[in-house]
There are 2 protein chains.
Amino acid sequence: MKAACILVGTELLNGAMVDTNSIYMAEELNKVGIELPYKMIVRDIKEEIIDAIQYFHSRVDIIIMSGGLGPTLDDITKDAIADFLGKKLIVDPEELKVLHQKFASRGLPILEMNTKEVEKPEGAISFENSVGMAPAIYIDKIAAFPGVPRELYDMFPKFLSYFIKEKNWKHKIYIKDIITYGIPESVLENHVKDCFQEEGIFYEFLVKNYGILIRMQADAMKKNKVEKIKEKIYNIIGDFIIGEDSVKIEEKIVQYLKEKQWKISLAESCTGGLIADHFVRLAGVSEVFYEGIVSYDNEAKKKRLGVQKQTLDNDGAVSENTAREMLLGLSTEVAISTTGIAGPGGGSNEKPVGLVYIGIRVLDKTYVIKKIFHGNRQQIRQRTVLEALVSLFQILTKGCEM
Amino acid sequence: MKAACILVGTELLNGAMVDTNSIYMAEELNKVGIELPYKMIVRDIKEEIIDAIQYFHSRVDIIIMSGGLGPTLDDITKDAIADFLGKKLIVDPEELKVLHQKFASRGLPILEMNTKEVEKPEGAISFENSVGMAPAIYIDKIAAFPGVPRELYDMFPKFLSYFIKEKNWKHKIYIKDIITYGIPESVLENHVKDCFQEEGIFYEFLVKNYGILIRMQADAMKKNKVEKIKEKIYNIIGDFIIGEDSVKIEEKIVQYLKEKQWKISLAESCTGGLIADHFVRLAGVSEVFYEGIVSYDNEAKKKRLGVQKQTLDNDGAVSENTAREMLLGLSTEVAISTTGIAGPGGGSNEKPVGLVYIGIRVLDKTYVIKKIFHGNRQQIRQRTVLEALVSLFQILTKGCEM
């Protein structure tokens, strides 16, 4: 089966907003083995939307639209669908009642224009919006969702399971992602290309900001074969594999710390809270995450962490000794420190922009890693975070740095 | 004039790669007043590419394609263009010579397949690729660029200035964004809709994670009129406006602190480094950013910030008093503290998930804001960050909280 996405919204065309909805939808469709050969982005102009529906209606099995279901004047997606199908727009009294209740429960006044949010082409099925106002609708090969991501995430699975059942669609695909770090794409490909001889397994290399991902994709019946290839890949480049699928390196670290009943603390300078944020994003991290000190100012490094004035004076804030002394101010079993020059200013010949020291302590063993990263301020900070997390994970699991 | 983008590449459809090229192109086209009403993403399949060219060729003045100009088998964009136009593919001997020189100067062997990179439909104009191999081409309302961003950025301006000259196109547009916070979209629209009576000024509301943006866009000749409408909007909803264009609220805070020569410190619990990260992202922030304490564990709240054991025992970590005492551990002129239940666990009837206390101190005046946010863990944390930054900005500039 084939699907097409039509994303409606001028803001997606003028650079004001980056589309993430269609990436989510592509992945969900992919998982159930529905191909997505087309994506089109159009303005909030009825004729252009109808035109796009027309184009895809004969080419695919399902058109998935996102955006333009809201209450304002430029929300005309359902209008366009109704026109295309020659149906009129109706309001289901039950859905209107639910809408009134939603507004009331949030203490908001309902305006006349809000009624539009529950309009739909006659005969359309609705899917309940548990997190917002306008329900998603589905009629005659066309499904329409709000453009607000969390509302889409709420209703897309409901639609998809309905659609699959309706079509009696049983195809499933199996996707395995292997996440590598520290190995260039061409070297990686050279090492593992012989693993990909099996017919019907599609593989690709995806360059992500956290490393290179090897993706294998096949009919779910071939799951075992994919897993066998995975084992082969581990045998060849296991040292460079930091995870699988969407499991993040910080989750693996937290898992490890929980098993050991250890806690972790951070002393961040150039990464300024970014490593802390990676941990605190994870639910239940309080069991292992003790504290993070963003000791940005040199005074804070001295006062909060006990870094010596002499070290700062002689070696500078960006130095191996400072990274090492920052760790001394942290009391937990595991500790990370970062200090570097993220730029764009502040670099010199001796200490260029991108120079970073990462300190890692596990119990009484301390490591300091020196790196020079390229890129802009944000890239240098992100690379530092990744390097710190991967290095810590390597040290925890293998007892040595990479 | 109208343009359409056709992005070629299966990787843009399966979620493996996020398109940033079209955002760049949209902004460049926008600046010179060329509208971009359509974007379409198709696979590396010749018939589907030709089909898409066909669709747009009668609808727009210029089709801009990106992707599929490389040397490998699935690079078939120029093939598709030649087929559509009924032209044959040729190789310009001069361009082949340049290609050979490029390979030689990089010490790379040139393979036969690489010749494909300088193929083009007969009659096409080429634009030199200063950073990579394949030149961009332009023929009969169709321009094609490589998918590699830096190659696109190298050649797109060359093409655009050629195209504008060829068409004798002199139009320019003016865009003004007004950023609002704390006012729902429908209420906002109701308040300001009467401002938008002027012909030829396009306006829209964009829901961003930091608030709602009012965008006005018009011919550059109408700049003064747009600015007048902006003044009107300030008169009506000025209290909800937190910025203009792409200036972020944390930049405005930093600007304010620099003028006052004040410093800021943070004590974050539920936001866990996220506020620190917002500041440290900004270059030159060291002048005003002193430190951030991610006091996640209660022990850390006591030890690092001096929060009283009694307060934690009696009121709990998520309480007005804890937020207030966290501020006491910070020494700078301006301080923010956050403590809340980001979920998904940890909530109770009395203290539900989403309950957040934000402490703000400016010199000797302290404010504590209580909020209950909805959403998942990450959304609750992000809303807390935004609320804290906006509230601080309001307090700094107006001497009171919103």
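The values are calculated or read from the model by the stated rules, or taken from the named source; none is laboratory data. Worth saying up front: this structure is predicted, and the values here are computed from it rather than measured. Heads up, the Cβs are rebuilt from the backbone with ideal geometry, glycines too, and the neighbour counts pull from every protein chain shown. Just the protein is used for accessible areas: all its heavy atoms, side chains included, with ligands, DNA and RNA removed. Shrake-Rupley method; radii C 1.70, N 1.55, O 1.52, S 1.80 Å.
Things to note:
- Contact residues in the stretch B:250-289 (at least 30 Å² less accessible area with all protein chains than alone, 1.4 Å probe): B:Gly272, B:Asp277, B:Val280, B:Arg281, B:Ala283, B:Phe289.
- With 30 Å² as the minimum drop in accessible area between chain alone and full protein complex (1.4 Å probe), the qualifying residues in the stretch A:91-125 are A:Leu111, A:Met113.
- Per-residue HN-Hα couplings for the stretch A:78-87 [Karplus 6.51, -1.76, 1.60; θ = phi - 60°; Hz; x = Gly/Pro]: 5, 3, 5, 5, 4, 4, 4, 8, x, 10
- Charge context of A:Lys309, other residues only, Cβ under 13 angstrom, K/R +1, D/E -1: -1
- To the nearest ten degrees, helix A:46-57 and the longest principal axis of the Cα atoms of chain A are 90 degrees apart.
- At q = 0.16 Å⁻¹ the log10 of I(q)/I(0) for the stretch A:2-167 amounts to -0.89, computed by Debye summation with a single uniform scatterer per C-alpha, solvent ignored.
- For the protein assembly as shown, calculated [θ]222 nm from helices alone, where every DSSP H run of n ≥ 4 adds -39500 (n - 2.57): -11500 deg cm²/dmol
- The calculated FRET efficiency for the pair A:Lys141 and A:Thr366, based on their C-beta separation and a Förster distance of 51 Å, comes to about 0.25.
- Chain B against chain A buries an accessible area of about 6100 Å², both chains summed, 1.4 Å probe radius.
- Exposure ranking of B:Met221, B:Met1, B:Met216 by accessible area [1.4 Å probe, largest first]: B:Met221, B:Met1, B:Met216
- Computed with a 1.4 Å probe over protein heavy atoms only, the accessible area of B:Lys370 comes to about 120 Å².
- Karplus 3J(HN,Hα) series, Hz, for the stretch B:106-117 with 6.51 cos²θ - 1.76 cosθ + 1.60 (x for Gly, Pro): 9, x, 9, x, 8, 9, 4, 4, 5, 3, 3, 5
- Computed with every protein chain present, the accessible area of A:Ser319 is close to 10 Å² [probe 1.4 Å].
- Helix B:21-31 axis, angle to chain B major axis (alpha carbon atoms, nearest 10°): 90 degrees
- Counting Lys and Arg as +1 and Asp and Glu as -1 over every other residue whose Cβ lies under 12 Å from the Cβ of B:Ile164, the net charge comes to +3.
- Mean accessible surface per residue for the stretch A:221-370, computed with a 1.4 Å probe while every protein chain stays in place, in Å²: 43 Å²
- Rolling a 1.4 angstrom probe over the protein heavy atoms with all chains in place gives the stretch A:2-167 an accessible area of 38 Å² per residue.
- Using equal-weight Cα scatterers in the Debye expression, the normalised intensity of chain B in log10 at q = 0.13, 0.14 Å⁻¹ is -1.04, -1.11.
- FRET efficiency for the A:Ile90 to A:Asp194 pair, using the beta carbon distance and R₀ = 51 Å, is estimated at 0.25.
- Share, in percent, of DSSP beta bridges within the protein assembly as shown that are antiparallel, nearest 5: 65 percent
- In the protein assembly as shown, the portion of solvent-accessible area held by carbon and sulfur atoms comes to 50 percent [1.4 Å probe, whole percent, DNA, RNA and ligands not counted].
- Going from the chain on its own to the full set of protein chains, the stretch A:1-42 has these residues losing 40 Å² or more of accessible surface (heavy atoms, 1.4 Å probe, no ligands, DNA or RNA): A:Leu13, A:Asn14, A:Gly15, A:Ala16, A:Met17, A:Val18, A:Ile23, A:Pro37, A:Tyr38, A:Lys39, A:Met40, A:Ile41.
- Count Lys and Arg as plus one, Asp and Glu as minus one, and take only other residues whose Cβ is under 10 Å from that of B:Gln261; the net charge is then 0.
- Estimated FRET transfer efficiency when R0 is 22 angstrom, pair A:Leu73-B:Met221 (beta carbons, to 0.05): 0.30
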